[in-house]
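Everything below concerns the one structure shown next.
The values are calculated or read from the model by the stated rules, or taken from the named source; none is laboratory data. Keep in mind that what you see is a predicted model, and the values were worked out from it rather than measured. Counting neighbours? That spans all protein chains shown, and the Cβs are built from the backbone with ideal geometry, glycine included. The area values use the complete protein model at the heavy-atom level, side chains included, leaving out ligands, DNA and RNA. Shrake-Rupley method; radii C 1.70, N 1.55, O 1.52, S 1.80 Å.
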Amino acid sequence: VAVFSHLAHRVLLFLFVASVSRETSRIALPERSGDVWHGFIPGLAAGAIYGFRVHGPWRPERGHRFNPAKLLLDPWGREVVTPAGGFHWGDPHHAADAEHPQHPDGRDNARFAFKSRVVADGPVADGPVPAFAHPRHPREAVVIYELHVRGFTMTLPGLPEALRGTYAGLAHPAAIAHLKRLGVTTLSLLPVHQSLSEPRLVQAGMLNYWGYNTLSFFAPEPRYAATPQVREEFRAMVRALHAAGIEVILDVVFNHTAESDEHGPTLSWRGLDNRSWYRHTHDRPERYVNDTGCGNTLDLRQPRVLQFVMDSLRWWVSEMHVDGFRFDLATVLARGDHGFDPHAPLFRAIAQDPVRAGARRIAEPWDRGPGGYRLGGFPAGWLEWNDRFRDTMRRWWLRGHVARGEFAQRLSGSAGLFHRSHRLPADTLNYVVSHDGFTLRDLVTWEHRRNHANGESNRDGHASNHGCNFGVEGEDAPPAVHALRARVRRAMLATLLLAQGTPMLAAGDEIGHTQRGNNSPYCQDNETTWIDWSRGDARLCAFVARVAGQGGGPPPQGRTGGHRPP
């Protein structure tokens with residue numbers, strides 16, 4: 001057993017019986033090597049359930065929030081055990097007293113806390129380890145398809161009911177046939193690290209559907225598993241996709257954790273060593289730097305935090321066999337003491353790592369901090385989400401509010417943004433639509449967002465989308481308007497697929513998926529985000545496949561719906 005804490009005075013391991021509510025033993029880790037507390041526990045085998053309690057200073061005004069009354073998850077743990085009856089938000093999960101925040105809360109939360117389970121890396125099934133034949137497409141041939149595991153498979157025709165919304169569903173021949181029909185080489189999966197929904201969403205009866213609120217960086221999200229063998233099902237999905245020649249990339253969120261701001265719960269990192277794991281403001285150390293907009297920011301200046309990120313990346317490549325990563329708010333990960341550093345330790349660590357260096361790496365090249373927009377500033381070999389391509393193509397086709405020179409720059413690889421660091425045209429990841437914003441159909445149907453169902457008074461989501469409704473707001477429009485909208489969608493899709501760079505399609509755009517004007521459905525696990533294959537536009541799907549060079553063919557559906565041009 002080993003865990004990192006720089007400022008702790010004492011670290012204890014607590015073991016629990018299978019019911020996870022009753023403690024069986026507590027063991028003080030006897031050794032400390034530098035900042036790593038460790039010990040050998042004879043007979044501690046796979047299946048053991050455990051958590052940590054950490055003693056140290058309680059000085060919130062200085063950023064020290066040790067509270068041994070709170071049981072902590074192992075950051076490196078491979079599996080999370082949910083408390084009996086499910087996890088429920090409440091004051092016992094907070095280290096500070098609710099009425100007197102300068103004092104620790106002394107209530108023991110072990111009965112209600114998440115715990116870790118010891119697992120053995122590698123497949124656990126009897127027999128030989130199945131071979132993984134990793135596909136490797138040349139960069140100039142890559143076509144990325146961004147999808148949500150649950151949203152893509154919930155209503156997909158041909159899937160057994162038990163596989164809907166699951167990794168196994170994505171591995172099913174019906175799903176793979178559609179991806180192959182489109183010429184997709186690479187899937188970019190929205191977060192599959194186990195995540196936790198924020199209290200506000202839980203109270204409103206919703207959840208964090210997108211998953212950008214990580215609880216464990218080593219555990220696959222169990223909600224997307226059809227069986228209790230979550231890791232094995234995930235591996236089987238990757239194996240099936242690889243056999244079809246399709247790469248798998250994970251959207252990873254190493255910029256923040258589910259512990260939120262200084263008023264949030266103590267689940268793991270905060271209780272292990274708050275000052276080491278998170279970035280704090282210089283003038284008020286009790287407060288977090290919030291370059292993420294999510295309450296906290298992991299501090300990759302700390303060697304052990306950087307090691308933690310690298311360990312996670314390496315594990316997903318070596319044990320789960322994924323082919324790369326899309327780094328959410330990637331500018332955060334390269335911030336030094338004086339802002340973004342193009343030679344940041346993370347970049348150097350990845351470049352030299354024999355396991356990780358060969359995997360694809362994609363940056364979302366911005367964050368919410370000062371100087372956070374860094375498009376074109378990442379090292380060679382990194383792909384970057386190019387929102388300049390997105391906005392230019394939207395303005396050109398929908399509004400006509402862009403110069404021809406700007407359009408030509410985006411169409412020919414955005415060299416003005418990338419040439420300074422000798423980047424290749426393939427380094428620009430071109431997209432017109434992603435998970436975050438209007439779908440392509442909604443972009444030509446609505447000019448104003450319709451996000452009231454999210455419970456934020458329609459204030460969330462982008463206010464400026466460069467959309468155009470062509471004279472009629474919404475779906476109730478004359479046939480001529482629908483025909484014009486359909487032609488414009490084809491023009492935008494063709495521009496995306498034929499431009500220099502690496503194209504990324506958003507799942508469902510090829511069949512006319514609509515979110516009914518919601519441009520930020522991060523909390524909508526329902527028909528808003530589930531692709532409605534029954535109403536898919538077969539002609540549009542065939543057009544996308546033809547432009548991508550695959551010859552076309554119908555999408556997986558029983559009938560064709562929606563409005564189509566003559």
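See the values below:
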| quantity | calculated |
| --- | --- |
| ³J(HN,Hα) computed for each position of the range 243-256 - Karplus, 6.51 cos²θ - 1.76 cosθ + 1.60, integer Hz, glycine/proline x | 4, 8, x, 10, 7, 10, 10, 9, 7, 10, 10, 8, 7, 8 |
| Sulfur and carbon atoms: percent of accessible area, the range 1-63 [1.4 Å] | 54 |
| FRET efficiency, 1/(1 + (r/R0)^6) with R0 25 Å, evaluated for Val355 and Gln229 via beta carbons | 0.55 |
| FRET efficiency, Tyr373 to Ser464 (Cβ-Cβ, R0 22 Å, nearest 0.05) | 0.90 |
| Added length on full extension, which subtracts the Cα-Cα distance from 0.36 nm per residue, Ala483 to Arg22 | 159.5 nm |
| Net lengthening on full extension, Asp337/His263 (0.36 nm per residue, minus Cα-Cα) | 24.2 nm |
| Carbon plus sulfur fraction of accessible area for the range 265-393, probe 1.4 Å, in percent | 48 |
| Mean Cα-pair separation over length for the range 31-166, i.e. relative contact order, pairs under 8 Å, 6 or more apart, % | 22 |
| Rounded percent of accessible protein surface that carbon and sulfur make up, the range 109-247, 1.4 Å probe | 60 |
| Relative contact order of the chain, defined on C-alpha pairs under 8 angstrom at six or more residues apart (%) | 13 |
| Coil-residue GluC sites (Glu not before Pro) of the range 261-321, DSSP, other Cβ within 10 Å capped at 10 | none |
| Calculated from backbone phi, Karplus (6.51, -1.76, 1.60) coupling profile of the range 337-354 in Hz, x at Gly/Pro | 6, 10, x, 5, 10, x, 10, 4, x, 4, 4, 5, 5, 5, 4, 9, 6, x |
| Cα gyration tensor category, rounded, prolate or oblate, for the range 23-103 with a/c compared to 1.5 | oblate |
| Residues with amide H under 5 Å from that of Glu247, placed H, sequence gap 5 or more | Thr186, Leu187 |
| Net charge, Phe16 excluded, C-beta distance under 11 Å - Lys, Arg +1, Asp, Glu -1 | +4 |
| Dipole-positive endmost among Thr514, Ala494, Gly461 within the range 457-525 (Cβ charges, Cα centre) | Ala494 |
| Highest to lowest packing among 493-499, 322-328, 458-464, 40-46, scored as the average C-beta count within 10 Å | 322-328, 493-499, 458-464, 40-46 |
| Per residue accessible area in Å² of the chain, where ligands, DNA and RNA are left out and the probe is 1.4 Å | 39 |
| Built amide H within the under 5 Å cut-off of Ser268, gap 5+ | Leu73 |
| Calculated from backbone phi, Karplus (6.51, -1.76, 1.60) coupling profile of the range 183-188 in Hz, x at Gly/Pro | x, 5, 9, 9, 8, 10 |
| Share of pairwise Cα separations in the chain, more than 45 Å, in percent | 16 |
| Fraction of antiparallel bridges per DSSP, the chain only, in percent to nearest 5 | 55 |
| Student exercise, the chain dipole from Lys, Arg, Asp, Glu Cβ charges, in Debye to nearest 20 | 1080 |
| Signed unit charges on C-beta, dipole axis of the chain, positive-most listed residue Thr214, Ala380, Ala344 | Ala380 |
| Built amide H within the under 5 Å cut-off of Arg361, gap 5+ | Phe325, Leu383 |
